[in-house]
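The next block holds one structure in the form of structure tokens; read it before the comments.
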Amino acid sequence: MIRAEENLNEIMNGLSQSKGPSLSFIKQLKFKNTLYSSGDSIRLINEQAQQHCFGRIIHIAKTPTIQFPVMLIAWYFHSQDPLLKEQAFSHLSPKELVLSELVDWQYVESVIEKIRVVGEHEYAQMSQCNRKEKGLYFCRSILKTVPWVEVNPMPSRICQCSCFYNPDDLLERCLFCGALFHLRCSGCSDICSACHPLK
């Protein structure tokens with residue numbers, strides 16, 4: 001059986017371009033007592049890099065030339081990924097994933113578990129306790145790689161320090177103006193530094 005992802009991608013691209021019933025798509029797949037379907041987000045092992053990765057299932061397919069089903073994955077990037085580190089995306093939370101336009105085929109055996117990815121607004125509304133749920137992440141941006149690497153949309157800047165908004169930071173809302181600020185920047189627990197003279 002072929003194991004390298006680049007060979008799998010070559011096989012799958014060849015099958016999708018050929019005529020005939022060689023590629024069949026599956027709506028759902030049960031693997032290790034978990035049901036997977038298109039749209040699910042997963043944590044998996046990247047055999048080339050020997051590290052854990054995150055992705056969203058686009059398609060699940062079977063083919064007579066490969067023993068097990070395969071999945072077309074759209075990749076998520078996270079704060080520890082070298083690509084994002086070298087681009088200095090320091091505003092990313094450890095629980096934040098950035099969906100990319102990059103896709104490729106992966107063997108179903110590389111799947112570790114299903115994860116839950118929510119939007120930024122839903123995540124920000126959660127209590128600190130609920131945010132600690134195993135396998136919970138949030139996504140608010142898409143990583144575009146052509147013509148250059150950019151995260152779109154970029155989160156808004158907040159506070160006098162002009163940092164990007166990160167829902168995992170300890171933030172307060174000013175009683176006077178309603179702006180979000182870091183406690184460490186204001187020195188006051190209920191009023192931002194811009195409104196201090198009004199106090």
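The values are calculated or read from the model by the stated rules, or taken from the named source; none is laboratory data. Since the structure is predicted, the reported quantities are computational estimates derived from the model, not experimental observations. In this analysis, Cβ positions are derived from the backbone assuming ideal geometry, glycine residues included, and neighbour counts consider all displayed protein chains.
For this structure, a couple of remarks:
- Filter result for the condition that a residue is surrounded by 14 or more Cβ atoms within 10 Å (Cβ to Cβ) and at pLDDT 90 or above, over L72, L102, L92: L72
- The lone exception for P147 - which of (1) modelled with pLDDT of 80 or more; (2) over 26 Å from S41 (Cβ atoms) it fails: (1)
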